1. Of the residues 41, 85, 99, which exhibits the maximal mean-square fluctuation in a Gaussian network model of the chain defined by a 10 Å Cα contact cut-off?
2. Report the calculated FRET efficiency for residue 107 and residue 52 (r = Cβ-Cβ distance, R0 = 25 Å), to the nearest 0.05.
3. As a check on your grasp of the helix formula, calculate [θ] at 222 nm for the chain: sum -39500 (n - 2.57) over DSSP H runs of n ≥ 4, divide by the residue count, round to the nearest 500.
4. Translational diffusion coefficient of segment 45-94 at 20 °C, 1.002 mPa s, Stokes-Einstein with Kirkwood Rh over Cα pairs, in µm²/s as a whole number.
5. How much space per residue, in cubic angstrom, does the convex hull of the C-alpha atoms of the chain take up?
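Only the coordinates and a few stated rules stand behind these numbers; no lab work does. Keep in mind it's a predicted model, so treat the numbers as computed, not measured. Every residue, glycine as well, gets a Cβ built from its backbone with ideal geometry; the counts of neighbours run over all protein chains shown.
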């Protein structure tokens, strides 16, 4: 990735902005109450999201975040996730990339781990 600001994180419910560039949803489940048209996605990249089992275990409980992050990094090392990461890196090389999630608390979200992993890969 050429610049740190080429990678953004936003909630999928926020209105799209011109600076978003490629808009990629990185949740395993489709966001409640949002139409595909309103989301204005470039892609829905489920394979970059935590597994359903890990997501259910974590339940966005802050005290579990460190263990969650380590387990999520292990999942991201798997072949299917590696292909998804490569796709996200390609978007970032082409221009701005906005990772979208329905998560309310972005500070304790999988998207932070995903962003770190993407930035480490370049």
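1. 41
2. Approximately 0.65, to the nearest 0.05.
3. Estimated from H runs of four or more residues: -12000 deg cm²/dmol.
4. 185 µm²/s
5. 98 Å³
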